[in-house]
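Asker: Please read through the structure below; I'll follow up with questions.
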Amino acid sequence: MDVNKIMNDLAKKHPGENEFLQAVKEVLDSIEPIYKQNPHYESAKIIERIVEPDRVLMFKVPWVDDSGNVNVNLGYRVQFNNAIGPYKGGLRFHPSVNLSILKFLGFEQIFKNSLTTLPMGGAKGGSDFNPKGKSDAEIMRFCQSFMLELWQNIGPQTDVPAGDIGVGGKEIGFMYGMYKKLTREHTGVLTGKALNWGGSLIRPEATGFGVVYFAQEQLATKGLTLEGKRVGVSGFGNVAWGAVIKASSLGAKVVTISGPDGYIYDEDGISGEKIEYMLELRATNNDIVAPYAQEFKSAKFVAGRKPWEVKMDVAMPCATQNELNGDDAKLLVANGVICVTEGANMPSTPEAIDVFHHSKVLFSPGKASNAGGVATSGLEMSQNSMKLNWSREEVDARLHQIMRDIHTACVKHGTEADGYVNYVKGANIAGFIKVADAMLDNGIV
Ligand code: NDP
Ligand code: 2IT
């Protein structure tokens, strides 16, 4: 296996797909040693097959806004790999969405879903539709038009989408309604459903809770706990919210959250009613986190900057890809960061990851530490299949155990000669082996 050659070929075939190429390079660098030890992977061309999606669906999504104007967005579903289970992964609605971003997310999802221990393949989809500032009626019409095209390509045993940036319970509801209307079936085709029509307890909190459970395991390798630690979170969406709730309930002091407009620094810590306020802020459907500082006197708003300049023990980037660069990483290290646990997908650039590895900081990639979201989607699918609902305690206990198991897998495959756990390597190798072996078993398809 020649990583440089594979990357050059891929870049020629898919010019400009920078996020996708970044995600592939990271995985290939990690798995190179085990690939070389297993010549049957090479002869079955596992790498050449795993880096191309099974298929990419791309379609127009026309919809009419409240003023009667016709709008046209692009819709996508990237069905990447179903070696270990039906395609599974979220839908992202954000103006930045393009094929490169969805391919990177779909590719990451293959290994993340493999790590969850549940039978789920990898996929991702979405649209460049911007839900910000849209009325509920506009969001409904968009979601209905999106599903009018997507429905024939998904199904509970085929492909099970869920939420991601810009897609929460409301959007899932509108899409599920249209799917149900078209198929005349009430099946578990989407996850992230509300409780009274097939959802699972804990799913909204699951990604953030999982991130914090993973951070606890990382800290425990050094005999540390979250109690009294200063935790910096970025973003103020679904993942950030769950992480803030769980971290503060475990006695950590969460000192930051952020939005595209800047970050909030709250020296007293974000807990209690302030967490409720985060939800209200999201529900306003605006792009700004600044009003938090007007609401709570202990907080200040720092415009146009990222939270990584704040002194923190644990960093949890929970907003979006490439939001933490090499300079940010150096600043965090200089300020004594112990642990960086990714909540978003690929929030740290390769330069940032190098800084963390070089400084022997505990660092976990999103595909390991944010897997609690899709894992709980898997638990929602199980409950739908059984036509039973588990209690909050039962779902939370299963989620917690899955996060511990993912941590164990990372330690098993990522521990280096000096004892440092390289979680990137560990997650990529553990995730890859299961999928590659399934592909071998299933022949050349
Ligand atoms: P939300 O839409 O709830 O929140 C996203 C947050 O990131 C918001 O604060 C948003 O601000 C900010 N954001 C989004 N895009 C950008 C951008 N281009 N520049 C700056 N800030 C941005 O999404 P989630 O919390 O669900 O997702 C956050 C991250 O976690 C994503 O990387 C997602 O892929 C990942 N993830 C999500 C899971 C889930 O179950 N929801 C599971 C695993 C990972 P604003 O909206 O105001 O722009
Ligand atoms: O990135 C992710 O893992 C998600 N957005 C959740 C996907 C899912 O199917 O629950």
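Derivation of every value follows stated rules applied to the coordinates shown; laboratory data play no part. These numbers were taken from a predicted model, which means no experiment stands behind them. We place every Cβ from the backbone using ideal geometry, glycine too, and count neighbours over all the protein chains shown.
Asker: Expressed as a rounded percentage, what relative contact order does the chain have, with Cα pairs under 8 Å and six or more residues apart?
Answerer: Reported as a whole number, the value is 15 percent.
Asker: Could you identify which residue out of LYS311, LYS45, LYS412 has the top mean-square fluctuation in a GNM of the chain using Cα springs shorter than 10 Å?
Answerer: Highest fluctuation of the listed residues: LYS45.
Asker: Say the dipole of region 177-250 comes from +1 at the beta carbon of Lys and Arg and -1 at that of Asp and Glu; which of TRP241, LEU182, VAL211 then lies farthest toward its positive end?
Answerer: After comparing all options, I get LEU182.
Asker: Express in whole angstrom the spacing between the alpha-carbon centres of region 250-305 and region 383-440.
Answerer: Going from one Cα centre to the other spans 31 Å.
Asker: Using a cut-off of 14 Å between beta-carbons, work out the net charge of the residues near VAL333 (Lys and Arg +1, Asp and Glu -1, VAL333 not included).
Answerer: Working: positive: LYS311, LYS330, LYS360; negative: GLU309, ASP313, ASP327, ASP328, GLU351, ASP354.
Net local charge, VAL333 excluded: -3.
Asker: May I ask for the net charge around MET381, where only other residues with Cβ less than 13 Å from the Cβ of MET381 are counted and Lys, Arg are +1 while Asp, Glu are -1?
Answerer: Details: positive: LYS88, LYS193, ARG203, LYS387, ARG398; negative: ASP159, GLU380.
Spelling it out: positives minus negatives among the neighbours equals +3.
Asker: Peptides 219-228, 167-176: what's the order by average Cβ count within 10 Å, highest mean first? Each step should come with its number before you reach the end.
Answerer: Details: 219-228: 13.6, 167-176: 20.8.
Descending mean neighbour count gives 167-176, 219-228.
Asker: Note the full-extension length gain between ARG49 and GLU295 as 0.36 nm times their separation in residues minus their Cα-Cα distance, in nm to one decimal.
Answerer: Working: separation 246, 0.36 × 246 = 88.56 nm, distance 5.24 nm.
Gain on extension, ARG49 to GLU295, equals 83.3 nm.
Asker: Mind pulling up the Rg/Rh value for region 287-327? Radius of gyration and Kirkwood radius, both on Cα. Mind dumping the intermediate values first?
Answerer: On the way: Rg = 11.9 Å, Rh = 12.2 Å.
Here Rg/Rh amounts to 0.98.
Asker: What FRET efficiency comes out for ALA303 versus SER359 if R0 is 22 angstrom and r is the Cβ-Cβ distance? Round to the nearest 0.05. Mind showing how you got there, number by number?
Answerer: Values: r = 29 Å, r/R0 = 1.33.
Computed FRET efficiency for ALA303 and SER359 comes out at 0.15.
Asker: Quick check: Cα centre of region 99-163 to Cα centre of region 14-88, how many Å?
Answerer: 12 Å
Asker: Assuming 0.692 mPa s and 37 °C, estimate D for region 69-115 with Stokes-Einstein, Rh taken as the Kirkwood radius over Cα pairs, in µm²/s. Don't skip to the answer; put the middle values down first.
Answerer: Details: Rh = 11.9 Å.
The Stokes-Einstein estimate is 276 µm²/s.
Asker: Considering every Cα-Cα pair within region 241-375, what fraction, in whole percent, is farther apart than 21 Å? Please list the in-between numbers first.
Answerer: Values: 3571 of 9045 pairs.
Everything past 21 Å amounts to 39 percent.
Asker: Can you tell me the Rg and Dmax of region 406-445, counting just the alpha carbons, in angstroms?
Answerer: 12.4, 41
Asker: Taking the square root of 5 times each eigenvalue of the Cα gyration tensor, what semi-axes in Å does the equivalent ellipsoid of region 154-292 have, largest first?
Answerer: Numbers: eigenvalues 205, 73, 24 Å².
Semi-axes, largest first: 32, 19, 11 Å.
Asker: Now, a different point. Among GLN22, GLN218, GLN37, whose mean-square fluctuation peaks in a Gaussian network model of the chain (Cα, cutoff 10 Å)?
Answerer: Of GLN22, GLN218, GLN37, the Gaussian network model singles out GLN37 as fluctuating most.
Asker: Please check: in the Gaussian network model of the chain (C-alpha springs, under 10 Å), which one of ALA329, ALA283, ALA352 has the largest mean-square fluctuation.
Answerer: Ranking ALA329, ALA283, ALA352 by mean-square fluctuation puts ALA283 first.
Asker: Right, something else. Counting only Cα atoms, I'd like the Rg/Rh figure for the chain, Kirkwood definition for Rh.
Answerer: Details: Rg = 20.8 Å, Rh = 22.0 Å.
Dividing the radius of gyration by the Kirkwood radius yields 0.95.
Asker: Contact order normalised by length for region 345-445, with contacts defined as Cα pairs under 8 Å and 6 or more residues apart; what percent is it? Walk me through the numbers before you get to the answer.
Answerer: Details: 73 pairs, mean separation 24.1, N = 101.
For region 345-445, the relative contact order is 24 percent.
Asker: If you don't mind, another one. Given the convex hull of the Cα atoms of region 60-182, what is a quarter of its surface area in nm²?
Answerer: On the way: hull surface 28.6 nm².
The Cα convex hull of region 60-182, projected and averaged over all directions, gives 7.1 nm².
Asker: To continue, here is another question. What are the membrane-span-like helices in the chain by this rule: whole DSSP H runs, Cα extent along the axis at least 18 Å, mean Kyte-Doolittle hydropathy at least 0.5? Each step should come with its number before you reach the end.
Answerer: On the way: long enough: 18-37 (29 Å, -0.32); 99-115 (24 Å, 0.72); 136-150 (21 Å, 0.43); 169-183 (21 Å, -0.32); 203-220 (26 Å, 0.02); 371-386 (23 Å, 0.04); 392-414 (32 Å, -0.71); 423-441 (27 Å, 0.67).
Span-like helices in the chain: 99-115, 423-441.
Asker: In a shell of Cβ-Cβ distance under 14 Å around VAL70, excluding VAL70 itself, what net charge do Lys and Arg (+1) and Asp and Glu (-1) give? Let's see the in-between values first.
Answerer: On the way: positive: LYS60, ARG141; negative: ASP65, ASP66, GLU138.
With Lys, Arg at +1 and Asp, Glu at -1, the net is -1.
Asker: ALA417 versus GLU32, label points 7 Å from Cα toward the beta carbon: distance in nm?
Answerer: 1.6 nm
Asker: Sort largest first and round to whole Å: the equivalent ellipsoid semi-axes of region 7-111, each the square root of five times a Cα gyration tensor eigenvalue. Don't skip to the end; give the middle numbers.
Answerer: Details: eigenvalues 218, 41, 23 Å².
Sorted largest first and rounded, they come to 33, 14, 11 Å.
Asker: Which whole number in µm²/s is D for region 188-233 by Stokes-Einstein, with the Kirkwood Rh taken over Cα pairs at 25 °C and 0.890 mPa s?
Answerer: Details: Rh = 12.7 Å.
For the chosen part, D equals 193 µm²/s.
Asker: Quick one: the Cα spread of region 110-223 along its three principal axes, in angstroms, biggest first?
Answerer: Cα extents, longest axis first: 53, 34, 28 Å.
Asker: Based only on Cα atoms, what mean projected area does the convex hull of region 126-190 have, in nm²?
Answerer: Numbers: hull surface 16.5 nm².
If I average the Cα hull's projected area over directions, I get 4.1 nm².
Asker: Per the Cauchy relation, a quarter of the hull surface: what is the mean projected area of the convex hull of the alpha carbons in region 235-285, in nm²? List each step's numbers first, then the result.
Answerer: Details: hull surface 13.0 nm².
Averaged projected hull area, Cα only: 3.3 nm².
Asker: For region 406-445, what does the relative contact order come out to in percent, with C-alpha contacts under 8 Å and a separation of six or more?
Answerer: Taking the mean separation of contacting Cα pairs over the length of region 406-445, I get 32 percent.
Asker: More than 17 angstrom separation, counting every C-alpha pair in region 334-401; what % is that? Working shown, then result.
Answerer: Details: 1230 of 2278 pairs.
Everything past 17 Å amounts to 54 percent.
Asker: Students often forget the sequence filter, so: which lysines lie under 17 Å Cα-Cα from LYS412 once same-chain residues fewer than 8 apart are removed?
Answerer: LYS112, LYS222, LYS367, LYS425, LYS434
Asker: Also, quick follow-up: Full-extension gain between ASP66 and GLU351, please, as 0.36 nm times their residue separation minus the C-alpha to C-alpha distance.
Answerer: In short, 98.1 nm is gained.
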